[in-house]
Amino acid sequence: MKQLMWAMVALAGAFSSFSARASTDIPISPDNGNNQHISASGWTEITGLPGSLPERWELIETELSAIWLLKHQDDPNLQGRISAQLMEDDTQLKDEVDQMADSFKTQSAKINRTSGKYGSVITEEIELSTSEGNEDVAGIFVFTRYENKVYMVLLTSNSDITKLEKYKNQLMNSVKKKKK
């Protein structure tokens, strides 16, 4: 089961090769480690995505440019990450995500490959879940194009997929909204 979690993280890392983010004047408060917590008001300026971060969520800047951690204040079990990558216009996102889903078929996990829509934001998604004894592991990849980038959201948890889907929907419904 731990193999599945590491496979998801490794695959997410392989999907991330970015140029450095330009510096901004967004308020950032230092964390106790190398990470920096970013106020939700800086969501669009930092990530480039519309909308906002939902209540009770935190965006944490990492040492790697264009890769951020996501945390939910009420669920320390939830691990999240968002990253952005430039992708050529002629690359078909659906085909890329189909290939990624195929790569998980060697894992002992339930795989669900879907396409979705949150307002005008179209997503390509992979849901993975497995359980061993009383322990569940679930992961959801959400890919979407926005402007000239492909964004990947990865959410993982030691809970069932249903709980993780609620978090995904909360996050994506908030992100899709344009600021007024």
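The values are calculated or read from the model by the stated rules, or taken from the named source; none is laboratory data. Since the structure is predicted, the reported quantities are computational estimates derived from the model, not experimental observations. For neighbour counting, all protein chains shown are included, and Cβ atoms are generated from backbone atoms with ideal geometry for every residue, glycine included. Remember, those area values only see protein heavy atoms, side chains included, never the ligands or the DNA or RNA. Shrake-Rupley method; radii C 1.70, N 1.55, O 1.52, S 1.80 Å.
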Legend entry - Complete set of residues in segment 119-152 that are within 17 Å of T44 (Cα to Cα) and part of a strand (DSSP E or B): V121, T144, R145, Y146, K149, V150, Y151, M152
Legend entry - strands (runs of 3 or more DSSP E) (entirely within segment 1-109) containing at least 1 residues that are at pLDDT 85 or above and touching a helix residue (DSSP H, G or I) at 6+ places or on another chain (Cβ under 9 Å): 57-61, 67-72, 75-86
Inset, instruction - Those residues that are hydrophobic (A, V, I, L, M, F, W, C) and open to solvent by 20 Å² or more (accessible area, probe 1.4 Å), I need them from segment 131-165; list them, please. - result: I161
Inset, instruction - Select from segment 92-130 the residues that are open to solvent by 60 Å² or more (accessible area, probe 1.4 Å) and among the acidic types (D, E) and write down the one among them that is farthest from A66 (Cα to Cα). - result: D102
Legend entry - Verdict on Q79 being open to solvent by 10 Å² or more (accessible area, probe 1.4 Å), within 15 Å of the chain's Cα centre (by Cα) and not small (G, A, S): yes
Inset, instruction - Just give me the residues in segment 55-76 being among the hydroxyl-bearing types (S, T, Y) and touching a Leu at 6+ places or on another chain (Cβ under 8 Å), in sequence order. - result: T62
Legend entry - Residue among I111, I122 that alone is within 16 Å of the chain's Cα centre (by Cα) and without any contact (Cβ under 8 Å) to a residue 40 or more places away in the chain: I122
Inset, instruction - Would you mind telling me which numbered condition in (1) of a type in the set (D, E, K, R); (2) surrounded by fewer than 21 Cβ atoms within 10 Å (Cβ to Cβ); (3) within 19 Å of P54 (Cβ to Cβ) K168 fails? - result: (2)
Inset, instruction - Collect the residues in segment 47-61 that are free of Cβ contacts under 8 Å to residues at least 40 places away in the same chain and either more than 20 Å from K168 (Cβ to Cβ) or open to solvent by less than 10 Å² (accessible area, probe 1.4 Å) (or both), keeping them in residue-number order. - result: L59, I60, E61
Legend entry - Residue within segment 164-175 that is among the basic types (K, R), in a helix (DSSP H, G or I), free of Cβ contacts under 8 Å to residues at least 12 places away in the same chain and more than 23 Å from I67 (Cα to Cα) present: no
Inset, instruction - Could you run through segment 127-143 and say how many residues are more than 14 Å from N169 (Cα to Cα) and either modelled with pLDDT of 95 or more or of a type in the set (V, I, T) (or both)? - result: 2
Legend entry - Selected residue (only one of L69, L64 is of a type in the set (A, V, I, L, M), open to solvent by 60 Å² or more (accessible area, probe 1.4 Å) and over 15 Å from V175 (Cβ atoms)): L64
